[in-house]
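One structure is given here, and the rest of the page talks about it.
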Amino acid sequence: MDSLNLLGAAIISRVLDIATNNTLHKHSGMDDFRHVVELTTVCRYWKDCMPPYASETLIAERSYSCDVAPRDSCIPGHETKWSTNLNYIVTMGKRNLVKEMRVVMLGLCGCRLRLTSALAALNISTAQWTGVEELFFIGEGVFYAGMKIALVEKATHLHTDISRMVSTFPGICSMGYHAFQHSCFSSGYPSHPDGASPFYFTLQRAMLNRATKLLCMFPFPSDSLLYFTGKLSRLDLNINVVKDLGRVPLFDPDILETVRLYELTATKDPWYLFKPSRNGALTFPCLRELVILYYKRLEQATPSLYSTGGLTIVFPALERLYISDSTKHVVGFHGLFGEAPYLTNISEPIDRLPFIDPEIVKTASILRFFGEEPVNPIEPRPPRSRFTQFYETPSVAIDAFLTNATFPFPALTRWYNLRVLDFRTDVATLPELTCLLSQLPKLWYLSIVCLTMDRRDVTSWQWDRSTIDDEARQIPMVDDLEPVNIKLQSLHFRSDRFIDIEGLAELTKWLPSLLELTVLNFYVDEMREELKNVNREDVEVSEFPHRG
């Protein structure tokens with residue numbers, strides 16, 4: 001223990017920063033936070049080296065002793081317990097750093113909310129928290145709480161509770177909730193239960209006019225938006241929240257930095273919601289991040305051609321773009337972004353990716369394609385050439401990830417600047433792998449997941465391979481006396497059926513910078529033996545990394 005104390009403060013701070021960052025996230029509750037608190041007990045010096053962001057969120061979490069079916073088994077008046085990390089924040093002397101009040105209410109307990117009473121009992125509401133800017137609820141409990149209480153009793157307590165919340169946290173300018181305690185896109189509670197507590201809905205209405213960040217998800221007092229005059233830096237909006245308000249421009253785009261739009265369809269286009277400039281164009285001068293999520297559970301047999309109706313839309317500062325499921329509804333939506341931003345994420349059904357203009361890969365520095373396998377795997381896929389047009393379009397990308405579905409092997413590519421490439425395919429033969437590496441002179445990290453390395457295994461073919469030989473013939477021959485790739489340091493290769501261990505070991509002779517090679521666990525020992533045979537014992541062999 002004493003040796004730990006001898007570590008320099010900078011090193012200890014770095015260790016604690018990594019440990020804390022790996023534990024806490026934007027949906028963390030008390031369980032995660034208790035792990036962080038344990039770090040401060042390792043030795044007396046570590047408390048002073050904790051990262052400041054560990055004290056930026058004040059948590060109040062409810063636990064209860066009833067079952068999860070509020071209408072049937074929740075007994076009024078049963079025991080509920082609340083816990084908080086307030087003691088840690090006060091002990092650390094970091095009260096001034098708190099920016100978020102997070103209320104965690106998992107489960108479907110239908111007894112009275114008692115939130116303001118809980119905050120008082122936890123000593124949270126004994127003084128104002130003027131630095132708290134965000135109030136965030138985790139879990140469905142905020143909607144179920146109070147379902148077993150009579151309406152008259154609900155109304156009696158409701159306005160008192162909300163008044164106390166506003167008084168305790170006078171600086172709140174952002175309020176929202178997430179139904180789950182793990183990270184994922186959430187378009188809102190689709191249909192809160194009959195008789196649901198009005199607490200969240202009413203509190204949201206009370207705080208709307210002070211909002212600089214707005215989460216317009218169900219439930220939401222949508223009619224209040226007609227009178228909203230503030231300016232937002234962030235907007236999360238389910239398009240269905242505003243569907244009954246008419247085509248009224250509601251939001252000023254001038255200072256928006258983040259916009260996330262949910263459940264769009266061909267008939268529910270969002271741009272009318274934003275006020276255009278005097279010249280008639282719609283400009284988002286400060287927008288850094290744009291997330292567009294089309295309605296996932298609906299798919300048009302024949303998507304319509306996308307059009308803005310003549311409206312010019314400009315994103316001069318855009319850095320991060322995420323588009324999901326647009327090709328289920330429209331064709332040509334990606335053309336709205338003539339020059340894709342630095343980080344571009346595209347999540348579409350694999351058989352509809354050919355509907356996307358390949359020009360979108362030209363300007364993105366980091367490309368992420370998240371494929372979705374067809375609902376009917378028996379249906380034939382589009383011609384291979386319809387997708388390989390992405391590979392053959394010149395791109396400045398330095399990192400590319402093609403995951404979550406089986407993509408055609410990039411036999412010919414013009415993504416010459418790639419440093420990192422991670423993809424999943426059906427068949428990856430040794431000649432194809434060699435040719436790929438020869439085309440990417442700057443590549444230092446390559447990860448491939450395939451079904452087999454044997455092209456004769458036609459049961460593994462998911463893409464037509466009739467053109468792959470023609471593609472390969474366009475690639476210059478690799479000189480047997482020259483390295484295939486002089487930059488590659490890390491090669492991760494997983495083949496679920498046949499893997500050419502001897503061939504991969506031979507290939508390493510032409511990869512002079514290679515330091516690391518991973519394969520499935522039951523091939524590790526065999527690969528080490530083969531590397532000895534080609535005098536590449538300097539390459540470290542380990543198990544292919546598991547993926548979450």
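Within region 422-443, take every residue that is touching a strand residue (DSSP E or B) at 6+ places or on another chain (Cβ under 7 Å) and open to solvent by 10 Å² or more (accessible area, probe 1.4 Å) and give me the one that is modelled with the lowest pLDDT. So the residue we want is Arg424. So is Ile12 at pLDDT below 85, open to solvent by less than 10 Å² (accessible area, probe 1.4 Å) and either assigned to a helix (DSSP H, G or I) or in contact with a strand residue (DSSP E or B) (Cβ under 7 Å, 6 or more places away or on another chain) (or both) or not? Taking the combined requirement at face value, the residue satisfies it. Taken over region 140-179, the criterion of being at pLDDT 70 or above and surrounded by fewer than 17 Cβ atoms within 10 Å (Cβ to Cβ) is satisfied by His159, Thr160, Ser163, Arg164, Val166, Ser167, Pro170, Gly171.
Filtered by the rule that a residue be at pLDDT below 90, of a type in the set (A, V, I, L, M) and outside any helix (DSSP H, G or I), region 113-139 gives a lone residue, Leu113. Count of region 180-202 residues, restricted to those that are touching a strand residue (DSSP E or B) at 6+ places or on another chain (Cβ under 7 Å), modelled with pLDDT of 70 or more and within 24 Å of Arg114 (Cβ to Cβ), is 1. Taken over region 421-436, residues that are outside any helix (DSSP H, G or I), touching a helix residue (DSSP H, G or I) at 6+ places or on another chain (Cβ under 6 Å) and either within 19 Å of Arg368 (Cβ to Cβ) or among the hydrophobic types (A, V, I, L, M, F, W, C) (or both) amount to 1. Out of the residues in region 95-112 that are open to solvent by less than 10 Å² (accessible area, probe 1.4 Å), at pLDDT 85 or above and in a loop (DSSP other than H, G, I, E, B), which is farthest from Gly29 (Cα to Cα)? Only one residue tops the list, namely Val98.
Modelled with pLDDT under 85, touching an Asp or Glu at 6+ places or on another chain (Cβ under 9 Å), under 30 Å from Arg278 (Cβ atoms) and not basic (Lys, Arg): is that true of Gly338 in this structure? Criteria met by Gly338.
Among the residues of region 404-416, just one is surrounded by fewer than 17 Cβ atoms within 10 Å (Cβ to Cβ) and out of contact with any Pro (no Cβ under 8 Å at 6 or more places or on another chain), namely Asn404.
Kindly indicate whether Pro374 is surrounded by fewer than 21 Cβ atoms within 10 Å (Cβ to Cβ) and assigned by the TED database to the domain that holds Phe493. No: the conditions fail for Pro374.
To keep it simple, each residue is scored yes or no on (1) within 18 Å of Tyr177 (Cα to Cα); (2) out of contact with any strand residue (DSSP E or B) (no Cβ under 6 Å at 6 or more places or on another chain).
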| site | (1), (2) |
| --- | --- |
| Glu79 | no, yes |
| Asn96 | no, yes |
| Arg102 | yes, no |
| Gly107 | yes, yes |
| Cys111 | no, yes |
| Ala118 | no, no |
| Ile124 | no, yes |
| Gln128 | no, yes |
| Val132 | yes, no |
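Take Thr508 and decide whether it is modelled with pLDDT of 95 or more, surrounded by 14 or more Cβ atoms within 10 Å (Cβ to Cβ), in a helix (DSSP H, G or I) and touching a Leu at 6+ places or on another chain (Cβ under 8 Å). Against the criterion (modelled with pLDDT of 95 or more, surrounded by 14 or more Cβ atoms within 10 Å (Cβ to Cβ), in a helix (DSSP H, G or I) and touching a Leu at 6+ places or on another chain (Cβ under 8 Å)), Thr508 qualifies. For region 30-55, a residue qualifies if it is part of a loop (DSSP other than H, G, I, E, B), surrounded by fewer than 17 Cβ atoms within 10 Å (Cβ to Cβ) and either of a type outside the set (Val, Ile, Thr) or modelled with pLDDT of 90 or more (or both), and the qualifying residues are Cys43, Arg44, Tyr45. Only residues that are open to solvent by less than 60 Å² (accessible area, probe 1.4 Å) and under 22 Å from the mean Cα position of the chain (by Cα): list them for region 209-231, please. Answer for region 209-231, where residues must be open to solvent by less than 60 Å² (accessible area, probe 1.4 Å) and under 22 Å from the mean Cα position of the chain (by Cα): Leu214, Leu215, Cys216, Met217.
Would you pick out the residues in region 350-368 that are more than 11 Å from Phe390 (Cβ to Cβ) and open to solvent by 10 Å² or more (accessible area, probe 1.4 Å)?
Scanning region 350-368 gives Asp351, Arg352, Phe355, Thr363, Ser365, Ile366, Arg368.
Residues in region 211-250 that are of a type in the set (Val, Ile, Thr) and farther than 23 Å from Lys296 by Cβ were compared, and the one that is modelled with the highest pLDDT is Thr212.
If you go through region 232-251 and keep only what is open to solvent by 20 Å² or more (accessible area, probe 1.4 Å) and over 26 Å from the mean Cα position of the chain (by Cα), you end up with Lys243, Asp244, Leu245, Gly246, Arg247, Val248, Pro249. In region 74-91, the qualifying residues are those that are crowded, with 17+ Cβ neighbours inside 10 Å, outside any helix (DSSP H, G or I) and hydrophobic (A, V, I, L, M, F, W, C), and the one that is modelled with the lowest pLDDT is Cys74. Of all residues in region 56-73, exactly one satisfies the criterion of being modelled with pLDDT of 85 or more and assigned to a loop (DSSP other than H, G, I, E, B), namely Glu56.
A quick yes/no check of all residues on (1) in a strand (DSSP E or B); (2) free of Cβ contacts under 8 Å to residues at least 12 places away in the same chain; (3) out of contact with any strand residue (DSSP E or B) (no Cβ under 7 Å at 6 or more places or on another chain):
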| position | (1), (2), (3) |
| --- | --- |
| Gly335 | no, no, yes |
| Ala340 | no, no, no |
| Asn345 | yes, no, no |
| Pro354 | no, no, yes |
| Arg368 | yes, no, no |
| Gly371 | yes, no, no |
| Pro374 | no, no, no |
| Pro382 | no, no, yes |
| Ser385 | no, no, yes |
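The residue that is surrounded by the fewest Cβ atoms within 10 Å (Cβ to Cβ), among those in region 511-548 that are small (Gly, Ala, Ser) and over 19 Å from Thr434 (Cβ atoms), is Gly548.
The values are calculated or read from the model by the stated rules, or taken from the named source; none is laboratory data. Predicted model, so just to flag it, every value in this text is computed and none were measured. Using ideal geometry, Cβ is built from the backbone for each residue, glycine included, and neighbour counts are taken over all protein chains shown. Side chains included, ligands, DNA and RNA excluded: accessible areas come from the protein's heavy atoms. Shrake-Rupley method; radii C 1.70, N 1.55, O 1.52, S 1.80 Å.
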